[in-house]
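Enquirer: Shown below is the structure under consideration.
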Amino acid sequence: MFNHSPETNCGMLYIISAPSGAGKTSLVKALLEETDLIEVSVSYTTRAQRPGEREGIDYHYVDQQMFKQMIADAQFIEHAEVFGNFYGTSKEQIKEKLKAGIDVILEIDWQGAQQVKKQFEQCTLVFILPPSRAELKARLTERGQDSEAVINVRMDEAIEQMSHYDEFEFLLVNDQFSHALGELKALVYAFRLRQTRQCRRHQQLINELLV
């Protein structure tokens, strides 16, 4: 287990999960644009690189042999196989960013969240819900990418995912985007104001004030 110790790490690890259509990706993107010292973890994958995707920005692209070797070397804090492709989160990458004082976001499902929680006891789990089933279906339909049959399958998958909401510490409802974004930012700022973290950031000032 990697112990996310407050004595050695300045950043916070956030695990953010949501059903497809809840707006997780848009919320995280807006959070990154408006908040400094926070990044999304870039996963490793065996999936082929798609047009417009960039190595090290969207994913780290590796073949299956290398991915399986990384599993054998315990380099991932979580990994999964999805439709024949492997995805994984680098343990070392996370450790380096946290030690540098950078908050890290993992956008993974509830199963991945369980894997990470076993290794990072101090991580923060956030689940994002849509305001209603009707709105969730409308959002999936508005994308114009899937047939009605596929949308119904996605709705069933979303309901299954949402049934695990109680395994997360924080729950956000993405009804009004600006309000949900404000709540997500407030959560990040609140953790940054913790006494232990502020002491590390402002130790020189505290020493001077107490002389």
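Enquirer: Taking region 35-47 as the region of interest, how many residues are in contact with a helix residue (DSSP H, G or I) (Cβ under 7 Å, 6 or more places away or on another chain) and among the charged types (D, E, K, R)?
Expert: Qualifying residue count, region 35-47: 1.
Enquirer: Another question about this same structure. Please identify the pairs in which a residue from region 133-146 that is under 19 Å from MET162 (Cβ atoms) and at pLDDT 90 or above has its Cβ atom under 9 Å from the Cβ atom of a residue that is of a type in the set (Asp, Glu) and part of a helix (DSSP H, G or I), counting only partners at least 6 apart or on another chain.
Expert: So the pair list comes out as THR141/GLU148.
So that you can scan it fast, the table gives a plain yes or no per residue for (1) out of contact with any strand residue (DSSP E or B) (no Cβ under 6 Å at 6 or more places or on another chain); (2) outside any helix (DSSP H, G or I); (3) of a type outside the set (S, T, N, Q); (4) surrounded by 15 or more Cβ atoms within 10 Å (Cβ to Cβ):
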position: ILE159; (1), (2), (3), (4): yes, no, yes, no
position: ALA180; (1), (2), (3), (4): no, no, yes, yes
position: LYS185; (1), (2), (3), (4): yes, no, yes, yes
position: TYR189; (1), (2), (3), (4): yes, no, yes, no
position: LEU205; (1), (2), (3), (4): yes, no, yes, no
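Enquirer: Could you pull out the residue among LEU140, LEU171 that is under 22 Å from ALA30 (Cβ atoms) and part of a helix (DSSP H, G or I)?
Expert: So the residue among LEU140, LEU171 that is under 22 Å from ALA30 (Cβ atoms) and part of a helix (DSSP H, G or I) is LEU140.
Enquirer: Moving to a separate point now. Inside region 105-132, can you point out the residues that are outside any strand (DSSP E or B), at pLDDT 95 or above and either out of contact with any helix residue (DSSP H, G or I) (no Cβ under 7 Å at 6 or more places or on another chain) or farther than 17 Å from PRO19 by Cβ (or both)?
Expert: If the condition is that a residue be outside any strand (DSSP E or B), at pLDDT 95 or above and either out of contact with any helix residue (DSSP H, G or I) (no Cβ under 7 Å at 6 or more places or on another chain) or farther than 17 Å from PRO19 by Cβ (or both), then PRO131, SER132 are the ones that fit.
Enquirer: Pairs, please: C-beta under 7 Å, at least 6 apart or cross-chain, first residue under 10 Å from TYR44 (Cβ atoms) and charged (D, E, K, R) and in region 62-90, second part of a strand (DSSP E or B) and at pLDDT 95 or above?
Expert: Pairs found: none.
Enquirer: Restrict the check to region 92-104 and report whether at least one residue is among the basic types (Lys, Arg), assigned to a helix (DSSP H, G or I), surrounded by fewer than 19 Cβ atoms within 10 Å (Cβ to Cβ) and at pLDDT below 95.
Expert: Yes, because at least one residue in region 92-104 is among the basic types (Lys, Arg), assigned to a helix (DSSP H, G or I), surrounded by fewer than 19 Cβ atoms within 10 Å (Cβ to Cβ) and at pLDDT below 95.
The values are calculated or read from the model by the stated rules, or taken from the named source; none is laboratory data. Source: prediction; values computed, not measured. Neighbour counts are summed over all protein chains in view; Cβ atoms, including those assigned to glycine, are modelled from backbone coordinates with ideal geometry.
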